[in-house]
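Remarks on the structure that follows.
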Number of protein chains: 2
Amino acid sequence: MEPISYRQVRLTGGFWKARQDVLRRSTVWAVYDRFVETGRFAAFRCDWKEGDPQKPHFFWDSDVAKWLEGAAYLTAVRREPKLEKIVDDTVALIEKNQGADGYFNIYFTVVEPENRFTDRGKHELYCAGHLMEAAVAYFEATGKRRFLDLMCRYADCIYERFYVRRDTGFTTPGHEEIELALVRLYEATGTERYLALAKFFIDRRGEQGEENICGFPPNYGQSHLPVRRQTEAVGHAVRAAYLYCGMADVARQTHDDELRAACETLFDDVVTRKMYITGGIGATASGEAFGGPYDLPNATAYSESCAAIGLALFARRMLRFGPDGKYGDVIERVLYNGFLSSTSLDGRAFFYENPLAIVPELARRDDSVRAEQRLHLPATERQAVFDCSCCPPNIVRFLASLGDLVCGEDEETLYVHQYMTGTVAFRQKGGERVLKMTTRYPESGRVTLTVTGGDANVAVRVPWWCEKPFETVRGYAYFSVRENVPLTLDFGMPVRLVAADPRVFADAGRCAVMRGPVVYCMESHDNEAPLCDVRLDRRAAFRVGRHPTLPVPQLTVRAWQRPVQDALYAVRRDDFVPTTAVLIPYYAFANRGTAAMQVWHLTR
Amino acid sequence: MEPISYRQVRLTGGFWKARQDVLRRSTVWAVYDRFVETGRFAAFRCDWKEGDPQKPHFFWDSDVAKWLEGAAYLTAVRREPKLEKIVDDTVALIEKNQGADGYFNIYFTVVEPENRFTDRGKHELYCAGHLMEAAVAYFEATGKRRFLDLMCRYADCIYERFYVRRDTGFTTPGHEEIELALVRLYEATGTERYLALAKFFIDRRGEQGEENICGFPPNYGQSHLPVRRQTEAVGHAVRAAYLYCGMADVARQTHDDELRAACETLFDDVVTRKMYITGGIGATASGEAFGGPYDLPNATAYSESCAAIGLALFARRMLRFGPDGKYGDVIERVLYNGFLSSTSLDGRAFFYENPLAIVPELARRDDSVRAEQRLHLPATERQAVFDCSCCPPNIVRFLASLGDLVCGEDEETLYVHQYMTGTVAFRQKGGERVLKMTTRYPESGRVTLTVTGGDANVAVRVPWWCEKPFETVRGYAYFSVRENVPLTLDFGMPVRLVAADPRVFADAGRCAVMRGPVVYCMESHDNEAPLCDVRLDRRAAFRVGRHPTLPVPQLTVRAWQRPVQDALYAVRRDDFVPTTAVLIPYYAFANRGTAAMQVWHLTR
């Protein structure tokens, strides 16, 4: 199955169009302004000297590259001359400062020029990969070749050093990313050596003798085993997700069934044992890493925004092996929850980490300890600026290219993975077709599909939470759609109490509330403390409404609370008092200042 | 109310006599052997030189001092010439190496002699305090004065330097202990300056300008406020408990109502907001400290054995202000749970930390991180040896002097705080009396009291968990007991589900099982995993029996489990399957190798 590019998809209204409008109007500029202020764009002049302010960090290239990639997607959908000028100016600086051998990296030009390709811990190939992705995106968006050509020169340089001469200080990237970028560069240019290099990095990872990454054990960078023998998702979650994307790309392009099977095993390990209900991954701040199976703490969840994006990118690649609803289900879970929670409703502030509970009392543990002993607690409010700004530009590029996730096609069928109001241009039965999709999803589960240009075979993903009786094959329902004859589907939009597997100890005895794909949460702004002890009434109906102050829906339901006890420990009593629980979408939490929040609730 | 000394109490059978027999037979020697092996006793020769093995640590004096104190209690109850010889030999070394000014500290004699009384972080006065306690105990146990005299000289030295000349590098101890020890020395000798020095340390604590303790904020060492203005228990839990003991002692000896009121406020803050159901205190390994109110995590509980002991010592001192059942209730809670859990059933291995849950899966979080980032998880099995061995000798001295906790008296009444089989010698109405107590407590709540030597007024603490209708005043029921006429009381020994205050987020939605004073737990040895999801049937009766392999009782009860789900997250279902939950006393956990364990259970 081939994905339908975002360039063939136009969102014309509804939930995601509104988010993309905020992106285009606010977010892309908010991130740009911060990057200008912090010197990230100016760093491309490569004129920083010891003693100057704003010393370039070794990941700055990648921060800007992701922003450039996002700008490319935005201008492809609707010309944005101001964005294009910024990209062109940056590309001019890259050209000016690129080495004769094609090398380009800010940090290793102005800070440690003597140490190029020697330190596996310093994101050199990761930065290269993001620049390559941006270059491909900009070429495809605008037809301009310069950026692409520069990055091909850089890729040639890396190929020469890592693959031909093998004279570098390490063999495989410390932070994966370039693998998937090289496949993308190969697909854009047809140059076989880029695929060969990607395959080389994949094949060599986890072989004997790999260099250490910043003192971490090999697990941290997924270097503990050859990738084809890896069966458990471990280590740094963003690294892992990008690696798995690269593995899936190489497996597809080289018809490597063993590698593809490893991808499937790893995907299943993530989504059946190590994924938050929000689609977030990464249980622990230590190593920004996966925990063991079923270890999914809520208040100290890491669940980095970039990792949620990475999981969606991985799922999108798995879909290319053929339709299976589980991949679209995961993408949907990420989109409406762990991805969307990353950004404030005004689009100008961001979470790096996306906790599933905020327990303000926990911070008191730090009252009497030294700085280095403090508990790592995620931020309780989104920040406009942060030093390690991998997430904001990743959010920009991911949301700008959202259309990439909507549909796929094979020779016979158009597959609809995600439900958004808009149009999708595709070819089928030898002719041009346009699918028009109209829906208020996720407010409503009704979706109307109309095809113009001729009849078409259309398959639709029936979401995992849908209770209606659709006949499906691997999660898709198949329809023959007549030209101009609307097909209306109704998946419903049920509110349900969802339980985690009993082995998830953090959630034992608790339920989450989901309405369709959207996870809801309680905030102390709307509910009486302590949230941890509020019991949702299992028999009561949820009422769907609008939140009185936030521009989001809310759910209300009868609930019960225990009175405060006379003593810290007392014989269990059944004297619950009634209350009303108010829930808002998880993605909208922390838009009213710091508050207690929780996703997993007691029930009664 | 004056406490009845352990020297007036003889345990003759039952639960605690068995534990004291293990102590006398095994534990005291197990700890002694470890201390000999690690060079702690030899260090008293004060001949260590740079380059030698077994460099003395700055807390070694206190480790051995607590052992000496325990040996004193043991030999007081039944002569132990071998123990006495060890004490006498050690005292001889102290005498030999004591300075002309009375100073004695191993570390500051052989490692940093130039830095005496300059480093608030190095336990110098803490070691002094424990040596003073041991000296008083040995004098009272044997009548031998030498140790006591040496320690009076040392106390005089400290008095001269800290109180008269004030030429030391710090004003108050970094680790409290000497305050209570000085009051004890004053009570044994009548020397007023020891009380004055204790009061000085109490009065000056938290005043401006105190030196830092190892880089911690002032809270850590309870130096954030003058002690009379402290209302919240904060910082290092053992330090706090010892401070509060010293405050209570000084308040009593100086009739300082303001200081006494601070003690009452702090006691209530601990037991109504910061105490585990086991009587353990100290929520967090960082700083070995209290968390904020209601922050009582189970799997990462610190709950140091020494802190539980410290809380019981504090409660014992509060009892001297007058009978109030809450103090005896807390002592009972500590004794049967957080204290007893510290020691293996064979008496030869110890917990420093006493977790309330063992979740083996948590350790997987450390798979891919650097050593310094590893999660602090308590040990899952008791250790025979550990470097920081404050707890094992503390356990020895506390269990050896258990009789100190049993009774108190005022002019009119004998108060029975704890129920143990044995005899208590006391005076009342001008004559000698003996109380004989017979009970199978905590197997049964029946206690028979017989007084010989004349009639007596006896008040008994009615435990907080007792459901029977006793008429009480501040937790005590009062009886006039006729000579030789047995009084039989029955408190029952009910098995009950106990809930924590709804603000304790770690325990929300869960119940603990207690039988009388004993907290029970589930171990995976006896129950199917995952323990976290087992639901005890709220309506089913508990069956009391004997554990098939451990020498402890067990409880069994109908319970329910959820089957493993098809997916990590699925709509909540009610398809529970029945099972039987097996619970053992918390104090007996971790005697069969590493296993999952939990104290707080779901119910249904």
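Side notes on the structure shown:
- Taking all pairs of distinct alpha-carbon atoms in segment A:407-512, Kirkwood radius in angstrom: 15.2 Å
- Projecting the Cα atoms of A:Gly475, A:Ala499, A:Val513 onto the dipole axis of segment A:462-534, where Lys and Arg carry +1 and Asp and Glu carry -1 at the beta carbon, places A:Gly475 farthest toward the positive end.
- Distance between segment B:293-317 and segment B:164-187 - C-alpha centres, whole angstrom: 24 Å
- A DSSP coil position with no more than 13 other Cβ atoms inside 10 Å describes the following GluC sites (Glu not before Pro) in segment B:390-457: B:Glu411, B:Glu412.
- Approximate spin-label separation B:Asp21-A:Arg45, in nm, with each point projected 7 Å along Cα-to-Cβ: 8.7 nm
- Nearest residue to the symmetry axis between A and B, taken on chain A by its Cβ, in whole Å: A:Gly509, 2
- Signed unit charges on C-beta, dipole axis of chain A, positive-most listed residue A:Gln565, A:Cys245, A:Ala65: A:Gln565
- Between copies, the label points of A:Pro53, set 7 Å from Cα on the Cα→Cβ line, lie 5.9 nm apart, reported in increasing order to one decimal in nanometres.
- Only Lys, Arg (+1) and Asp, Glu (-1) charged, at Cβ; segment A:495-603 dipole about Cα centre in debye: 380 debye
- Taking the Kirkwood radius as Rh and the Cα radius of gyration as Rg, segment A:495-603 has a ratio of Rg/Rh equal to 0.97.
- In a reduced charge model with +1 at each Lys and Arg Cβ and -1 at each Asp and Glu Cβ, segment A:283-357 shows a dipole moment near 280 debye about its Cα centre.
- For the protein assembly as shown, the Cβ-based charge dipole about the Cα centre amounts to some 2640 debye (Lys, Arg positive; Asp, Glu negative; other atoms uncharged).
- Sequentially through segment B:251-267, phi angles give Karplus couplings (6.51, -1.76, 1.60; θ = phi - 60°) of 4, 5, 6, 10, 6, 9, 5, 5, 5, 4, 5, 4, 4, 5, 4, 5, 4 Hz, Gly and Pro residues having no value and appearing as x.
- The trypsin sites (Lys or Arg not before Pro) found in segment B:423-503 that occupy coil by DSSP, while having at most 14 further C-beta atoms within 10 Å, are B:Lys429, B:Arg474, B:Arg482.
- Centre-to-centre separation between the Cα atoms of segment B:234-286 and those of segment A:242-260: 61 Å.
- Each other copy places its own label point for A:Lys144 at 9.2 nm from this one, sorted shortest first, where the point lies 7 Å along the Cα-to-beta carbon line.
- When shorter helices are ignored and each DSSP H run of at least 4 residues is given -39500 (n - 2.57), the per-residue value for the protein assembly as shown at 222 nm works out to -9500 deg cm²/dmol.
- Loop-located trypsin sites (Lys or Arg not before Pro) in segment A:17-90 (DSSP state other than H, G, I, E, B) with a sparse environment of at most 16 neighbouring Cβ atoms within 10 Å: A:Lys49, A:Arg78, A:Arg79.
- Projected label distance in nm at B:Glu412 and A:Arg79, using a 7 Å step from Cα toward the beta-carbon: 10.1 nm
- Radius, Kirkwood style, for chain B when every pair of distinct Cα atoms is counted (Å): 25.1 Å
- Debye equation applied to the C-alpha atoms of segment B:21-153, log10 I(q)/I(0) at 0.16, 0.18, 0.21 Å⁻¹: -0.78, -0.97, -1.29
- Label point distance in nm, B:Ala529-B:Gln383, each placed 7 Å from Cα along Cα→Cβ: 2.4 nm
- For B:Asp88 and B:Arg539, the difference between the fully extended length at 0.36 nm per residue and the C-alpha to C-alpha distance is 156.4 nm.
- The local environment of B:Val227, defined by Cβ-Cβ distances under 9 Å, has a net charge of +2 under the rule Lys, Arg +1 and Asp, Glu -1.
- Order of B:Asp21, B:Asp61, B:Asp156 under a 10 Å beta carbon neighbour criterion, fewest first: B:Asp21, B:Asp156, B:Asp61
- For the protein assembly as shown, the residue among B:Leu259, A:Cys390, B:Leu345 whose Cα projects farthest onto the positive side of the dipole built from Cβ charges is B:Leu345.
- Spatial extent of the protein assembly as shown: Rg and Dmax, with the Cα atoms as the point set, Å: 34.9, 115
- Using C-alpha pairs under 8 Å with a sequence gap of at least 6, the mean separation divided by the residue count of chain A gives a relative contact order of 13 percent.
- Taking other C-beta atoms within 10 angstrom as a stand-in for reagent exposure, A:Asp574, A:Asp295 fall in the order A:Asp574, A:Asp295, fewest first.
- Rounded to the nearest 0.05, the FRET efficiency derived from the C-beta distance between A:Ala425 and A:Asp268 at R0 = 41 Å is 0.75.
- Each copy carries a label point for B:Thr488 at 7 Å from Cα along the beta-carbon vector; from one copy to the others these points are 8.1 nm apart, nearest first.
- With Cα atoms defining each centre, segment A:386-446 and segment B:447-523 are spaced 67 Å apart in the structure.
Any read-out appearing in this document is the output of simple, stated calculations on the displayed coordinates, not a laboratory observation. Keep in mind the model is a prediction, meaning the values are calculated, not measured. Virtual Cβ from ideal backbone geometry, glycine too; neighbours counted across all protein chains shown.
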